[in-house]
Amino acid sequence: MLLKEYKSTFLKELSSLYDEKEIESFFYIVLESFHNLKRIDLALNPNMEMETMQLSSWRNVLEELKKQKPIQYILGETEFYGLPFLVNENTLIPRPETEELVELIISNNLTIQKSNNLKILDIGTGSGCIGISLAKNLPNCQVTLLDVSLRALLVAEKNAEINKVNVDITRMDIIETTDLNTQFDIIVSNPPYVRNLEKAEIKPNVLEYEPHLALFVADNDALLFYRKIAQLAKKNLSKKGQLYFEINQYLGKETVELLENLGYKNIELNKDLYGNDRIIKCENK
């Protein structure tokens, strides 16, 4: 069967669940994953055929997409900050907003790290996308990946190998921790921040497939992880050490106030590419 003909089938069978632009995006993601081809390659070679086994693989993807399973979980991989990452049901799928967080840290420290061996801690690392991207782009830094989930850390370990970076990996329940016993120059975290009351805003492909442990926090203590991490950072950040958070877009003001009350300085609240409050950077005194 011709690939261009199967594209029509692909679009038709998913049209009741997704818009055309999103279906096309799925198609070209699979095209690259299965055939190592990009959109332009198919345009230049319209008579390219699929073998029987390839067609079977495509049909399996189609059936999974009909269940609204994320394409990244179907393929078991994604791209983040230009790097390849394995993902599965134990790790969140990295978002573009998180790439902005990584970009901010790199731009703030690219010059500094050339003359200083900065120590960086990524709390709640999941797939390791934040910490590994920092290790790749700030090569003089020493990066530690921390998570409560052993299964997530196994994925992060594989991703470190794939991206050829050396990182330390630590399993720890941050809520139960009173001291990290190490000084860091940068602590970064994208902790659980979606309140249960916001579940109605979450798409089924996220709600039904991504790990709730990494997503949700109780309505009555939505800043639990931010407070705990910020308290630990007061002890475990070097003088003028940097603390970075990805935050709930609805709780920017409250998160800033929390950090002010804990004595942080130079607090910056940044918006993401969609115009939502999303990233906070501050410094230890």
Inset, instruction - Determine whether Asn261 is open to solvent by 10 Å² or more (accessible area, probe 1.4 Å) and of a type outside the set (Ser, Thr, Tyr). - result: yes
Inset, instruction - Give the residue that is modelled with the lowest pLDDT, with candidates limited to residues of the range 1-20 that are exposed (fewer than 15 other Cβ atoms within 10 Å of the Cβ) and among the acidic types (Asp, Glu). - result: Glu5
Inset, instruction - Counting only residues that are farther than 15 Å from Asn190 by Cα, give me the strands (runs of 3 or more DSSP E) lying completely in the range 43-154 with at least 3 of them. - result: 77-80, 83-86
Legend entry - Qualifying residue in the range 260-280 (condition: of a type in the set (Phe, Trp, Tyr) and assigned to a helix (DSSP H, G or I)): no
Inset, instruction - Please name all residue pairs, on different chains or six or more residues apart, with Cβ atoms under 8 Å, provided the first residue is in the range 85-110 and is free of Cβ contacts under 8 Å to residues at least 40 places away in the same chain and open to solvent by less than 60 Å² (accessible area, probe 1.4 Å) and the second residue is aliphatic (A, V, I, L, M) and in a helix (DSSP H, G or I). - result: Val102/Ile130; Val102/Leu134; Ile106/Leu134
Legend entry - Residue in the range 25-35 that is among the acidic types (Asp, Glu) and either open to solvent by 60 Å² or more (accessible area, probe 1.4 Å) or at pLDDT below 95 (or both) present: yes
Legend entry - Odd one out for Lys119, checked against (1) among the charged types (D, E, K, R); (2) over 23 Å from Tyr209 (Cα atoms); (3) under 10 Å from the mean Cα position of the chain (by Cα): (3)
Legend entry - Test for Glu77: is it out of contact with any Ser or Thr (no Cβ under 9 Å at 6 or more places or on another chain) and open to solvent by 10 Å² or more (accessible area, probe 1.4 Å): no
Inset, instruction - Could you give me the residue pairs with C-beta distances under 7 Å whose first residue belongs to the range 31-51 and is of a type in the set (Lys, Arg), whose second residue is in a helix (DSSP H, G or I) wherever it lies, and which are 6+ apart or on separate chains? - result: Lys38/Glu32; Arg39/Tyr28
Inset, instruction - Could you grab me the full set of residues in the range 259-285 that are over 24 Å from the mean Cα position of the chain (by Cα) and without any contact (Cβ under 8 Å) to a residue 40 or more places away in the chain? - result: Glu260, Asn261, Leu262, Gly263, Tyr264, Lys265, Asn266
Inset, instruction - State all residues of the range 46-72 that are farther than 22 Å from Ser16 by Cβ and either open to solvent by 70 Å² or more (accessible area, probe 1.4 Å) or of a type in the set (Gly, Ala, Ser) (or both); if no residue qualifies, say none. - result: Asn47, Glu49, Glu51, Thr52, Met53, Ser56, Ser57
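The values are calculated or read from the model by the stated rules, or taken from the named source; none is laboratory data. Because the structure is a prediction, the values reported are computed rather than measured. Glycine gets a Cβ as well: all are built from the backbone with ideal geometry, and neighbour counts include every protein chain shown. With ligands, DNA and RNA removed, areas are computed over all heavy atoms of the protein, side chains included. Shrake-Rupley method; radii C 1.70, N 1.55, O 1.52, S 1.80 Å.
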